[in-house]
Amino acid sequence: MFTDTTRAMATVTTLRFLLTVDRWRRSRGVIFQFRTLAVLVPGVTQIDNKSDFLGKKPHRKHPGILQLPYVRLPQALTNAARVLLAESSMSNVEKEVHALTSYLWSRHLPVEPEELQRRAIHLEKKFSENQDLPQTEEKLREAVLHVLRKTTYHWQELSYNEELSLVYMAARLDGGFAAVSRAFHEIRIRIPEFKPQTLMDFGSGTGSVTWAAHNTWGQSLREYMCVDRSAAMLDLAEKLLKGGSQTGEPYVPGVFFRQFLPVSPKVQFDVVVSAFALSELPSKADRTEVVQTLWRKTSHFLVLLENGTKAGHRLLMDARDLVLKGKEKLPSDPRPSFVFAPCPHELPCPQLTASQPLACSFSQAYHPIPFSWNKKPKEEKFSMVILARGSPEEVNRWPRITQPVLKRPRHVHCHLCCSDGHMQHAVITARRHGRDLYRCARVSSWGDLLPVITPSEFPLSPAQDPPENSIRVDKDM
C-alpha cells in the first residue's frame, strides 16, 4: 500500500517530468501529436483582420454572429391566428396539431419509379434463386409485390382543405416564421445595403414568409407574390393579413395571391423563397422543374428551406447542385450562381460524402403562439440553402459552425465547414491562436461564421512541423 507521502512524491516527480518534456519540446520546436488532436488544418489559420473587422465592437458582436435571439411573431399575426382558431368549430385541436407535426417531421420523399423498378428486379432475382419458393410467374410476381408493399414508403400528397389549413397554421406558423426570419436575417446582416423591392413565395401556405420579409425589409418591399395550389391556404393567409376577417385593411400592403407561378420568363423578383414546399412535390422531375423555374425568377437571392432531417438536407443539396451546374443563362441576366449560405464553397457537401452522412441543419429559438398547449419557448430545427447571382468574391467565405460550440476551460471545440470543402473539428486556444480568435470562437454559436482565413495556397507537408497559430482538429472525435 502506498502512503500519502509516497503518493505526493510520485505526483511531484510526474509533474517535474512533464515540465521538463515541455521545455525540451519548446526548445526543439517539437509538437507531440496525440490521438485526440491528430490532424492539422491544411494551411496557416489566422484571424481575418484585413479590414479591422471588429472596429470598436466587443468580441461578442463580431460580424460572424448570425444567430437571432428568441423570435416572436408580430402581435397582429398572433392575434389573428388566435381569432381564427377560436372561431372554428374543430374539436381536439391539440391532438390534431401534435399528429400533423409528427407526420410532417417524419415524412420521407416519395420513392422514384426507377428506384422501385430496381428493387423489384433485385427481389425477383433473389426469389428465383430460392428453390423453396414456387417458381410460377404469377406466384413470383405476388411475392415481389408483397415485399414491396411492406418495405416501400407510401408517400401521399396532402390536400389542404379549410380544416387542415387551420391545423397547419396552429402547428407550423410560428416555427416556419422563425426559420425564415433566421434566413432573411443572414442576408440583412451580411449585406446591409441590399434593399429588396419584390418577393415571391412558392408554396406560401399561411403566409409566414410574407410576415418575416415585412419584419426584415418592410421599409423597402413593395410587392409580395404568394403562390400556393391550395385555395383554402390562400384564403387563410389573406384572413391572417386582415386580422382574422374577410374584410379590413391588410397589415402588410402590396400582397398578391395566385395558384400558379407567373408564366412570363421576363418577370423576376429580388428574393424568391420556397419554405418547406419542395418536399410536397410528388417526384424528382417535378422538383427539378420547379427549382429551375424559381431560379429563372430570381434576380438576387433564392432562399430554400426544409425540415432539418437527412431527407430535407439531401433535397436541398440536389436543388443546390441543379442551380450551380445549370447551363441555362437568361439573355437579360448572364450572372453566374454561387452559394451565399450556409456553405462557404460550391463543392460537394462534406456532410453527405462522409462515411456516416449527417444532415446539415440549424436551430432557431422562438416564442410560440400562446395556445393552451404551447407553454414554453421552442426550437425550430431546419436546413437551408441561399443561392445568389453574382460572384462569390463579393462576400466573405469564413468557415461555418455546423454544430453546437463546446466551451471548455481555456479551449473551445468548433465543428467547421471550410472553404476548401472539408469539415474540420478545430480546438482553439488563446495561447496558440491569439486572444481575438479564441474570444470570437467562445462567443459564437451553432450556425455562426468564424472570422478566420485558412489559405490553401500554403499547404503543410506531412513531415512539416505546424506553426504555433495553426488550428488543431480532431477527425476521430
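The values are calculated or read from the model by the stated rules, or taken from the named source; none is laboratory data. Remember, predicted model here, so these are calculated numbers, not experimental data. We place every Cβ from the backbone using ideal geometry, glycine too, and count neighbours over all the protein chains shown. SASA here: full protein model, heavy atoms, side chains in, ligands and nucleic acids out. Shrake-Rupley method; radii C 1.70, N 1.55, O 1.52, S 1.80 Å.
Can you give me the accessible area per residue for the range 361-447, using a 1.4 Å probe, in Å²?
Dividing the accessible area of the range 361-447 by its residue count gives 42 Å².
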(Q) Counting C-alpha atoms alone, how compact is the range 227-314: give Rg to one decimal and Dmax as a whole number, in angstrom. (A) 14.9, 43
Q) Points 7 angstrom from Cα along the Cβ direction at Ala354 and Thr293: gap in nanometres? A) 3.6
(Q) Using 20 Å as the Cα-Cα cut-off, could you pick out the over-long pairs in Lys61/Lys376; Lys242/Lys297; Lys284/Lys381; Lys284/Lys310? (A) Lys61/Lys376; Lys242/Lys297; Lys284/Lys381
Q: Give the accessible area for Arg432 in Å² (nearest 10); use a 1.4 Å probe, count only protein heavy atoms, and leave out ligands, DNA and RNA.
A: 40
(Q) Taking 0.36 nm per residue of sequence separation and subtracting the Cα-Cα distance, how much length would be gained by fully extending the chain between Val111 and Gln403, in nm to one decimal? (A) 102.1 nm
Q.
Suppose accessible area is computed on protein heavy atoms with a 1.4 Å probe; arrange Lys61, Lys56, Lys150 from highest to lowest.
A. Lys56, Lys150, Lys61
Q: Run the quick spin-label model on Arg258 and Arg118: label points 7 Å from Cα toward the beta carbon, then report their separation in nm to one decimal.
A: 3.8
Q) Ranked highest first by average number of other Cβ atoms within 10 Å, how do 346-355, 243-252 line up? A) 346-355, 243-252
Q. Ratio of the range 131-221's C-alpha Rg to 2.2 N^0.38 Å, to two decimals?
A. 1.95
Q: Could I have the simple spin-label model distance between Ser128 and Val147, label points 7 Å from Cα toward Cβ, reported in nm to one decimal?
A: 1.3
Q. What net charge is computed for the residues neighbouring Ala179, neighbours being all others with C-beta under 12 Å from the C-beta of Ala179, Lys and Arg scored +1, Asp and Glu -1?
A. -1
Q: Take the alpha-carbon centre of the range 136-171, take the same for the range 265-319, and report the distance between them in whole Å.
A: 24
Q.
Out of the total accessible area of the range 162-291 (probe 1.4 Å, heavy atoms of protein only), what percent is carbon and sulfur?
A. 51
Q: Kindly rank 67-77, 202-212, 292-302 from highest to lowest mean number of other beta carbons found within 10 Å of each residue.
A: 202-212, 292-302, 67-77
